[in-house]
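Values quoted throughout were computed directly from the atomic coordinates according to the rules given, and no laboratory measurement underlies them. The structure presented is a predicted model; accordingly, all values stated were derived computationally and were not measured.
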Amino acid sequence: MRKRTREPNPTDRVLFLAVAAGVVGFFAIPVIGAPIGFVATIYISEAGKPEGDAWTSTKQAVRALVHSIAIEFAGGLVIVAALLVGIFVF
């Protein structure tokens with residue numbers, strides 16, 4: 001099993017800049033600008049570092065973002081299911 005601490009991780013500053021670029025990208029290029037701005041910012045920021053692998057850091061950040069969105073979506077489905085059960089059972 002591979003240790004995650006050996007993989008290059010984007011810093012909090014890079015993630016903050018990526019989120020900000022995603023917001024700006026959303027308004028600059030509607031709908032597709034947010035993911036383009038987010039991914040491009042992480043890749044460009046990490047490409048400047050001599051010790052890091054930019055593509056690995058970008059994939060890791062995108063994977064974490066997708067997991068976060070999936071967890072929130074699952075929570076929303078649980079809430080809707082509870083609401084429907086409450087409506088039809090009671």
With Cα coordinates, the longest principal axis of the chain makes an angle with the long axis of helix 12-28, in degrees rounded to 10, of 70 degrees
Computed over the chain: longest principal axis from alpha-carbon atoms vs helix 33-47 long axis, angle to nearest 10 degrees, is 40 degrees
Of V39, V78, V66, the most mobile residue in a GNM of the chain (C-alpha springs, cutoff 10 Å) is V78
Long-range alpha-carbon pairs in the chain, meaning those over 23 Å apart, account in percent for 40 percent
Expressed as a whole-number percentage, the relative contact order of the chain with C-alpha contacts under 8 angstrom and at least six residues apart is 23 percent
